[in-house]
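For reference, the structure is listed below as structure tokens.
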């Protein structure tokens, strides 16, 4: 059996996780585009998914998303040009900058939360609320175990 056939018949964890991620991202960013946020790309999620409404440091965004600081910096630059974030001095450390969502960024965050909640409700409805809760718990545990090994 060819590798590609085996991966289709019995995909490993990485393939399954990637398929789920890409499917959610495709739906999320298509719906955001329809709701007034057409300039966003899935890559921007590395910043937007972890950004606090009060602002976040770029180093924290990089750590939480698992992306290199340089990648996160480039994404922040793009989001700043698009009008989703601004850089402000961090009141707790004047040498640092906070990445703060603008009104447009806050709108995107609110819409994203609602879209993802709808995706999760559909998934829970498809497999059952208890099964979906157990799936999320297992996914959290497997992810935590994997991160602890890194």
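With springs connecting C-alpha atoms under 10 Å apart, model the chain as a Gaussian network and identify which of 136, 97, 74 has the largest mean-square fluctuation. Highest fluctuation of the listed residues: 136. This ranking places 135, 29, 22 by how few other beta-carbon atoms lie within 10 Å of each, fewest first, which gives 22, 135, 29. Taking the three principal axes of the alpha carbon atoms in the stretch 1-138, the coordinate ranges are 57, 31, 28 Å, sorted in descending order. Hey, what angle do you get for helix 129-149 against the long axis of the chain, alpha-carbon based, 0 to 90 degrees rounded to 10? Helix 129-149 sits roughly 70 degrees off the main axis of the chain. Rounded to the nearest 10 degrees, the inclination of helix 69-82 to the longest alpha-carbon principal axis of the chain is 70 degrees.
Two numbers describe the Cα atoms of the stretch 1-74: Rg and Dmax, which are 15.9, 53 Å. Among beta bridges from DSSP that stay inside the chain, the antiparallel ones total about 100%.
Taking every C-alpha pair closer than 8 Å and separated by at least 6 residues, the mean separation divided by the residue count of the stretch 66-118 gives a relative contact order of 26 percent.
The relative contact order of the chain, computed from alpha carbon pairs under 8 Å that lie at least 6 residues apart in sequence, is 19 percent.
Taking the centroid of alpha carbons for each part, the stretch 21-50 and the stretch 62-128 are 11 Å apart. Computed over the chain with a Gaussian network model linking Cα atoms closer than 10 Å, the most mobile of 48, 79, 16 is 16. Fewest neighbouring Cβ atoms within 10 Å first, the residues 109, 1 line up as 1, 109. From least to most packed, judged by other beta carbons within 10 angstrom and beginning with the fewest, 12, 60 follow the order 12, 60.
Just so you know, all these numbers are worked out from the coordinates, no wet-lab data involved. Just so we're clear, the structure is a prediction, and the values are computed from it rather than from any experiment. Heads up, the Cβs are rebuilt from the backbone with ideal geometry, glycines too, and the neighbour counts pull from every protein chain shown.
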